[in-house]
Structures are given as structure tokens and as C-alpha cells.
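J.: Pasting a structure below so you can have a look.
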Amino acid sequence: MRSAPPIAPLPWRRVVFVADTWRSEDDVADAAMRFDLEKTDPDTLAEVLDAIAALGLEAVHVENPRALIDSATALGEVLVFSTFGGERSRNRLLLVPAVAEVLGVDYVGMDAVGHALAANKHEAKRLAAECGMLTPRSRMVRRSADLALCDEFPLPYVIKPVAEGSSIGIGARNLVRDAAAGRRLAGELLDRFAQPILIEAFVPGREVSLICIESEGGWHEALVEIQVAGRPDYFDGHLFDAEEKQERRLARSVQLVSEGLDSADSDAVHRFLGAVGHFGYGRVDGKLQDGRFHFLELTPDAWLGRCGHVAEGFARLGWSYEQVIAEILRSASLRPPGQVANG
């Protein structure tokens with residue numbers, strides 16, 4: 001864990017924040033079945049724009065990659081910063097970095113290839129395992145003919161869409177303790193989200209994330225945990241699902257895990273992120289069981305609200321919110337040179 005960095009001048013005058021704003025899908029009663037959960041809520045949008053302005057930079061908000069393209073000529077030299085979530089298209093998280101490369105402008109975070117890897121939980125797990133990380137046993141349901149896997153897989157298990165973030169498609173019933181119920185839900189998810197479904201062994205343990213920001217001379221990082229007040233074993237039998245994230249029924253907080261990662265797990269996580277390539281900032285999400293980290297997914301463009309993992313985690317280390325945003329922006333200067341597609 002590194003101390004809070006000073007807020008030094010940044011090499012850009014203008015930051016274009018690409019973020020499609022969240023609007024409730026009133027016709028969807030089950031939060032887990034919504035398509036819009038990766039979008040940015042209005043409060044977080046205001047917090048990020050205010051922080052950029054507080055750093056002495058001009059903050060420009062656009063809603064989507066098309067608006068970024070349309071405004072490119074007028075904006076001139078800028079830094080592109082995106083939490084664009086989109087809906088339904090499996091390419092949606094790749095679009096902003098790809099557009100930024102075509103425009104030949106600096107941008108924060110992973111490139112399109114990195115986003116493609118992170119968006120596919122199955123492929124991310126394969127790379128994590130190759131890098132030495134513990135990963136829960138899993139199988140893929142790609143079509144209705146594969147639903148028999150739900151009957152064969154050891155209980156309890158979790159089922160989830162393979163290419164969604166922000167717990168889209170994941171509610172309390174996704175922790176499956178009855179194979180017949182698992183088969184029914186897997187079929188429902190196949191129909192609803194039109195993508196493969198991951199069956200994954202449930203790992204009881206603490207709900208943790210390694211939050212990272214790339215920085216000159218190394219990474220800023222901290223291991224944080226979602227804690228439920230008075231219920232330290234809550235995630236031994238529950239998921240941190242879309243319903244809880246949206247409705248916040250539990251008294252919970254983000255806390256530092258003082259002991260950090262086991263050295264073998266820390267080395268494996270660093271190998272994994274090194275294999276992914278330049279990432280700027282993000283979360284490596286998992287479960288901590290008997291002192292060992294079990295990888296679940298890689299989350300780039302993590303939620304940046306003041307009460308989210310990234311901001312709260314670094315706040316526990318003494319950082320201000322503006323320092324967090326400044327270091328995330330500064331990470332763009334570490335992107336390997338020459339990676340533009342406007343040639």
C-alpha cells in the first residue's frame with residue numbers, strides 16, 4: 001500500500017468523460033434482469049465531473065461513442081475517460097477505446113483487446129488460472145442442449161451470464177442449491193441475455209477486491225472487503241448480487257483487508273494483470289477463503305462513485321476523492337507509445 005500521491009499538474013487541459021446515464025427500466029421488476037446496470041447514475045456522473053473540474057481541467061460529458069466521434073474535431077487534443085456501459089451488444093465496452101485509437105487521442109484504461117478479455121468471464125478465468133490464481137471449477141452452457149450440465153454440476157453453484165458486468169443477470173436465486181431450479185434459471189438467462197451461461201462452483205468466504213491504479217514506479221493498490229454490519233460470515237451463504245447493489249438493503253461498508261494477499265496470490269495477480277497489459281485502473285474481484293484468494297472476474301472501468309470500492313478503498317489509505325480521480329487520469333500517460341489506429 002502506497003501513501004497518497006500529491007496532486008501534480010496533468011498534461012491535458014480537457015477531459016472528455018464518456019458515460020451513458022442510467023435510467024430505470026420501470027417495466028423490469030427484477031433488478032437482476034435489467035440491461036442498463038453498467039450505465040452511470042446521475043450522482044456519480046456529477047461527482048466525477050466535479051472532481052475533474054477541481055483538478056483545474058475542463059470536463060466535457062458526452063453520452064456515447066457516436067457523440068465522441070461527432071465532437072472530435074471541435075474538442076481538439078483531449079484525454080478520453082470512459083465508463084460507457086451500453087446495452088445488449090457484446091462489443092459495447094470495446095467501442096470507446098477503439099474510437100479513441102482511431103481518433104488518435106489519449107484515453108484512460110484498457111484497450112479494446114483488454115476489454116474483450118475482461119468482458120468474457122470464462123476467458124478471464126482461463127488466463128487467471130494460467131497465471132497461477134485459484135479459480136472455482138466451472139462449465140459453460142452455450143445452448144439449451146447443454147442444460148443437462150446443471151443436473152451434473154456439484155451443488156451449490158452459481159450461474160451467471162458470461163459477458164455481463166455490474167451483476168447483470170445475477171440475483172439471490174443464482175446461488176443454486178437445487179439442480180432443477182438451476183436448470184430452469186439457466187434456460188431463462190439463455191433466453192433473456194442471448195449469450196452463454198457460466199456455471200461456477202460457489203466459494204464461501206469474504207467478498208474482496210484488489211483495487212489497482214497504474215502509476216509511475218509501480219501500482220497503487222489495496223485489498224478491500226465488503227463487510228455487512230454484524231454479519232461477518234454473510235457471504236459464506238449469499239451473493240453480492242444486483243438486487244443488493246441497487247436496493248442496498250444491508251448495512252454494509254468497504255473496508256481494508258489489513259493482512260493483504262497471500263504472497264503466492266499477490267504474485268499470481270500481478271502476473272495476470274501483466275498478461276492483460278496496460279489497464280490504467282480496475283478491480284480484480286474474488287473471494288477470500290482460509291487466507292487464499294479465489295479469482296472471480298476482472299472489472300475494468302470500475303464504478304467510481306464516492307462510496308464505491310475504488311474511492312472508498314483509497315480513502316481508507318488517506319486519499320481524497322480528487323486524488324483518486326487524478327491518479328486514474330494520470331495512468332493514461334503510461335500507455336505504451338504508438339498505439340493509435342489513425343495512421
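The values are calculated or read from the model by the stated rules, or taken from the named source; none is laboratory data. What you see is a predicted model, and the numbers here were worked out from it, not measured in a lab. Please note: Cβ atoms are built from the backbone with ideal geometry, for glycine as well, and neighbour counts cover all protein chains shown.
J.: Could you say whether any residue in region 10-28 is at pLDDT 85 or above, within 29 Å of Leu189 (Cβ to Cβ) and touching a Lys or Arg at 6+ places or on another chain (Cβ under 7 Å)? Talk me through it step by step, then tell me what you get.
T.: At the first step, the residues of region 10-28 found to be at pLDDT 85 or above are 10-21.
Of the ones still in play, those that are also within 29 Å of Leu189 (Cβ to Cβ) are 18-21.
Then drop every residue that is not touching a Lys or Arg at 6+ places or on another chain (Cβ under 7 Å), which leaves 20-21.
Yes - at least one qualifying residue is present in region 10-28.
J.: Quickly run through region 70-95 and pick out the residues that are modelled with pLDDT of 95 or more and β-branched (Val, Ile, Thr).
T.: Passing the criteria: only Val80.
J.: Within region 67-80, can one find any residue that is closer than 23 Å to Val284 by Cβ, of a type outside the set (Gly, Ala, Ser), surrounded by 20 or more Cβ atoms within 10 Å (Cβ to Cβ) and outside the structural domain of Arg192 (by TED's automatic domain parsing)?
T.: Step one: of region 67-80, the residues closer than 23 Å to Val284 by Cβ are none.
Scanning region 67-80 turns up no residue that is closer than 23 Å to Val284 by Cβ, of a type outside the set (Gly, Ala, Ser), surrounded by 20 or more Cβ atoms within 10 Å (Cβ to Cβ) and outside the structural domain of Arg192 (by TED's automatic domain parsing).
J.: Moving to a separate point now. Mind checking which residues of region 73-99 are closer than 22 Å to Ala326 by Cβ and polar (S, T, N, Q)? Talk me through it step by step, then tell me what you get.
T.: Filtering region 73-99 for residues closer than 22 Å to Ala326 by Cβ gives 75-84, 96-97.
Listed by number, the residues that qualify are Ser82, Thr83.
J.: Of the residues in region 83-123, how many are in contact with a Gly (Cβ under 7 Å, 6 or more places away or on another chain) and closer than 19 Å to Glu58 by Cβ?
T.: 1
J.: Name the residue, out of Ala264, Ala268, that is at pLDDT 95 or above, crowded, with 19+ Cβ neighbours inside 10 Å and not aromatic (Phe, Trp, Tyr). Give the steps one after another, and end with the answer.
T.: Details: Ala264 fails: crowded, with 19+ Cβ neighbours inside 10 Å.
Selected residue: Ala268, the only one of Ala264, Ala268 that is at pLDDT 95 or above, crowded, with 19+ Cβ neighbours inside 10 Å and not aromatic (Phe, Trp, Tyr).
J.: Just to check your reading of the model, which residue among Ala180, Ala186, Ala145 is assigned to a helix (DSSP H, G or I) and buried (at least 20 other Cβ atoms within 10 Å of the Cβ)?
T.: Details: Ala180 fails: buried (at least 20 other Cβ atoms within 10 Å of the Cβ); Ala145 fails: buried (at least 20 other Cβ atoms within 10 Å of the Cβ).
Just a single option satisfies the conditions, and that option is Ala186.
J.: Just to be sure, is Glu297 in contact (Cβ under 8 Å) with a residue 40 or more places away in the chain, over 16 Å from the mean Cα position of the chain (by Cα) and surrounded by fewer than 24 Cβ atoms within 10 Å (Cβ to Cβ)?
T.: Details: in contact (Cβ under 8 Å) with a residue 40 or more places away in the chain: yes; over 16 Å from the mean Cα position of the chain (by Cα): no; surrounded by fewer than 24 Cβ atoms within 10 Å (Cβ to Cβ): yes.
It is false that Glu297 is in contact (Cβ under 8 Å) with a residue 40 or more places away in the chain, over 16 Å from the mean Cα position of the chain (by Cα) and surrounded by fewer than 24 Cβ atoms within 10 Å (Cβ to Cβ).
J.: Kindly provide the set of residues from region 312-330 that are in a helix (DSSP H, G or I) and either touching a Phe, Trp or Tyr at 6+ places or on another chain (Cβ under 6 Å) or charged (D, E, K, R) (or both), ordered by number. Spell out how you get there, then give the answer.
T.: As a first pass, look at region 312-330 and keep what is in a helix (DSSP H, G or I): 312-315, 321-330.
The answer is Glu312, Glu322, Val324, Glu327, Ile328, Arg330.
J.: At least 1 residues that are over 20 Å from the mean Cα position of the chain (by Cα) in each: list the helices (runs of 4 or more DSSP H) lying fully within region 1-119 that qualify.
T.: It comes to 42-54, 65-75, 95-103.
J.: Looking for whichever is modelled with pLDDT of 95 or more, touching a Leu at 6+ places or on another chain (Cβ under 6 Å) and surrounded by fewer than 19 Cβ atoms within 10 Å (Cβ to Cβ) here; the options are Ala59, Ala46. Which one fits? It would help to see each step written out before you state the result.
T.: Working: Ala46 fails: touching a Leu at 6+ places or on another chain (Cβ under 6 Å).
Going through Ala59, Ala46 in turn, just one is modelled with pLDDT of 95 or more, touching a Leu at 6+ places or on another chain (Cβ under 6 Å) and surrounded by fewer than 19 Cβ atoms within 10 Å (Cβ to Cβ): Ala59.
J.: Restricting attention to region 275-311, which residues are acidic (Asp, Glu), closer than 17 Å to Pro204 by Cβ and either touching a helix residue (DSSP H, G or I) at 6+ places or on another chain (Cβ under 9 Å) or part of a strand (DSSP E or B) (or both)? Give the derivation first.
T.: Here is the first cut: in region 275-311, the ones acidic (Asp, Glu) are 285, 290, 297, 301.
Now restrict to residues that are closer than 17 Å to Pro204 by Cβ: 285, 290.
Once the filter is applied, which keeps residues that are acidic (Asp, Glu), closer than 17 Å to Pro204 by Cβ and either touching a helix residue (DSSP H, G or I) at 6+ places or on another chain (Cβ under 9 Å) or part of a strand (DSSP E or B) (or both), region 275-311 yields only Asp285.
J.: Further, regarding this structure: Does Arg183 qualify as being basic (Lys, Arg), outside the structural domain of Ile328 (by TED's automatic domain parsing) and farther than 25 Å from Glu123 by Cβ?
T.: Answer is no for this residue.
J.: Is it the case, given these coordinates, that Gly165 is touching a residue at least 24 places away in the same chain (Cβ under 8 Å) and outside any helix (DSSP H, G or I)?
T.: yes
J.: Now for a separate question. When both residues are 6+ apart or on different chains and their Cβ atoms are under 9 Å apart, which pairs have a first residue that lies in region 117-131 and is assigned by TED's automatic domain parsing to the domain that holds His294, and a second that is of a type in the set (Lys, Arg) and buried (at least 18 other Cβ atoms within 10 Å of the Cβ)?
T.: Within 9 Å, the pairs are Ala119/Arg92; Lys121/Lys160.
J.: State the number of residues belonging to region 221-260 that are among the aromatic types (Phe, Trp, Tyr) and at pLDDT below 95.
T.: Going residue by residue through region 221-260, those that are among the aromatic types (Phe, Trp, Tyr) are 234-235, 240.
Right, trim to at pLDDT below 95 and you get 240.
Qualifying residue count for the region: 1.
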